[in-house]
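Here the structure comes first, spelled out in structure tokens, and everything after it is commentary.
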């Protein structure tokens, strides 16, 4: 007769071999004879969930908890199954009890952080994520969760430090862009933009004015910027950047943030200090009060989450303008997916969605006229910032 360890080991072997159905039948047989055994119950619930029988998995664990109400392992496993199957509110009670029985259990607090986040209890989500990170500081999933939670509770310094850590963990390699053999013909300009530029600029001006009146700031400039600020800082290093233009910087609220921290806890009095620059100006097509800032040259120009908002007719002259306002360096980020925001006319805010090859070709042709300007840009292919392609005319690592 097999002992319980042999049963569990064989079930694990079958699962790892991809024989889930066989593992399910094997554990079902032994579970029917050993319903009071915690480990067999957990193993059977696990394989049941793996084959899509989530309700059976939940029932197995609930029955086991009736027999062992203070078993933290059962409580943690049931909480995890509930979270993964959209029952976070129900999961929290089990997970909180498990955490009281076994404090600082990393699996339990991972599930708790997810459950709280699903219920939009951002303070508790952040607190649970911190417990996980205290034991596993390189957990990308928890760093993203704490960044999101920190934004929701307006703890922007913690958000920035989490993104700073993520930028260290995300080993992005910049691909070198070969210079184009010739420049491209540019049909429009700032003085004579296309009809689409005028139309879109009006849409953004309406959105800015409406958000200010309603005190619900649209394009505040904070959330997206915090995600990319660590990449900008890395690229600014050793370039002696003193002045910067944030082209398309929205309301510029990112530059009102104070008392910021990086991933190792170093303090910065504001965003300029974090980026190691002395001055920043903002230009935004939807804010006429910023138009005068285009009449100057800056050490660096950044353009984050902007170019995909522009029509293809105008992108050549807009990118040329980015180069034209930079003395040393240009940095941009570009999304390749639809935006969350919808314009007042019903159009998606991302009106130019193209893959990285299209963007690199465009930059190469525009950069032909600006051989002394170093530039880099990130093409972001998903909202989670996992699929990022990076390009530069200087073959460097992030």
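The values are calculated or read from the model by the stated rules, or taken from the named source; none is laboratory data. Only a predicted model underlies this, so the values are computations on that prediction, with no experimental measurement involved. Note that we place each Cβ from the backbone using ideal geometry, even for glycine, and neighbour counts take in every protein chain shown.
Of 354, 347, which residue is under 21 Å from the mean Cα position of the chain (by Cα), surrounded by fewer than 20 Cβ atoms within 10 Å (Cβ to Cβ) and within 24 Å of residue 201 (Cα to Cα)?
354 is the lone residue from the list that is under 21 Å from the mean Cα position of the chain (by Cα), surrounded by fewer than 20 Cβ atoms within 10 Å (Cβ to Cβ) and within 24 Å of residue 201 (Cα to Cα).
Looking at segment 350-358, is at least one residue touching a strand residue (DSSP E or B) at 6+ places or on another chain (Cβ under 7 Å), modelled with pLDDT under 95 and farther than 24 Å from residue 164 by Cα?
The answer is no, given that none of the residues of segment 350-358 is touching a strand residue (DSSP E or B) at 6+ places or on another chain (Cβ under 7 Å), modelled with pLDDT under 95 and farther than 24 Å from residue 164 by Cα.
Return the total of residues in segment 375-398 being over 30 Å from residue 338 (Cβ atoms) and either at pLDDT 95 or above or not in a strand (DSSP E or B) (or both).
3
Please name all residue pairs, on different chains or six or more residues apart, with Cβ atoms under 6 Å, provided the first residue is in segment 205-234 and is within 16 Å of residue 284 (Cα to Cα) and assigned by TED's automatic domain parsing to the domain that holds residue 329 and the second residue is exposed (fewer than 15 other Cβ atoms within 10 Å of the Cβ) and modelled with pLDDT of 75 or more.
Partner pairs satisfying both residue conditions: 206/344.
Condition check ((1) closer than 30 Å to residue 108 by Cα; (2) part of a helix (DSSP H, G or I); (3) in contact with a strand residue (DSSP E or B) (Cβ under 9 Å, 6 or more places away or on another chain)) across all residues:
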position	(1), (2), (3)
134	yes, yes, no
142	yes, yes, no
157	yes, yes, yes
164	yes, yes, yes
182	no, no, no
185	no, no, no
189	no, no, no
200	no, yes, no
225	no, yes, yes
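Go through the residues of segment 239-254 one by one and say whether even a single one is farther than 22 Å from residue 205 by Cα, assigned by TED's automatic domain parsing to the domain that holds residue 203 and assigned to a helix (DSSP H, G or I).
No; the residues of segment 239-254 include none that is farther than 22 Å from residue 205 by Cα, assigned by TED's automatic domain parsing to the domain that holds residue 203 and assigned to a helix (DSSP H, G or I).
For residue 216, are the conditions met, namely being out of contact with any helix residue (DSSP H, G or I) (no Cβ under 8 Å at 6 or more places or on another chain) and at pLDDT 95 or above?
Answer is no for this residue.
Kindly indicate the residue of segment 255-272 that is part of a strand (DSSP E or B) and at negative phi and also surrounded by the most Cβ atoms within 10 Å (Cβ to Cβ) among those meeting that condition.
Residue satisfying both the conditions and the ranking: 260.
State the number of residues belonging to segment 291-314 that are touching a residue at least 24 places away in the same chain (Cβ under 8 Å) and either surrounded by fewer than 20 Cβ atoms within 10 Å (Cβ to Cβ) or at positive phi (or both).
Of the residues in that region, 9 qualify.
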